[in-house]
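Where a number appears in this text, it was derived from the coordinates with a stated rule and is not lab data. As the structure is a computational prediction, the values presented were derived from the model and not from experiment. Cβ placement follows ideal geometry from the backbone for every residue including glycine, while neighbour counts extend to all protein chains displayed.
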Amino acid sequence: MGLEREEIVKKIMLAILMLSGCATLDESFHKLQGRDIDIAIQYLGIPDDKRSMDGYDVYTWQKTEGFKGGQIGCRIKLQVQGGIIRRGEYSGANGPCMGYAERLKHM
């Protein structure tokens, strides 16, 4: 019975961490809009992927962390035209997203 309760508590804590990570990144993410892609690379590091489509370049940063029972991750995509960030999106959990949020808050 104790082990079952421990698993429930772990799942609740994971859900809280996942939700709080997005809120923290949201506070910093808006700073990238309208900036040169080189600024994003300076703060986020070398992107994991870059693809060209419909006149835009899409840069992607992705981080995954494993833990007992699964994995959590964070993904950032920036749509760039003429070297300027036009729009972006992100999704993910607290652990991986917190690292990106920390880097961006110093921008």
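Hey, can you grab everything whose amide H is under 5 Å from the amide H of Gly88? Only 5+ residues off in sequence or another chain; H modelled, so Pro and N-termini drop out.
Sorted by chain and number, the residues that satisfy this are Gln79.
Amide H of Arg35 versus every other amide H placed in the peptide plane: which residues, excluding those fewer than 5 positions away on the same chain, fall under 5 Å?
Ile85
Enumerate the calculated ³J(HN,Hα) couplings along the range 48-60 in order (Karplus 6.51 cos²θ - 1.76 cosθ + 1.60, θ = phi - 60°), each rounded to whole Hz, writing x wherever the residue is Gly or Pro.
Computed from phi, the couplings for the range 48-60 are 7, 7, 9, 10, 10, 7, 6, x, 10, 9, 10, 9, 10 Hz.
Using θ = phi - 60° and the Karplus relation 6.51 cos²θ - 1.76 cosθ + 1.60, list the HN-Hα couplings for the range 85-99 in order, rounded to whole Hz, with x at every Gly or Pro.
Calculated HN-Hα couplings, in order: 6, 8, 7, x, 8, 8, 8, x, 10, 4, x, x, 5, 4, x Hz.
Once both labels are modelled 7 Å past Cα along the beta-carbon direction, what's the Asp57-Gln42 spacing in nm?
In this crude spin-label approximation the distance works out to 1.6 nm.
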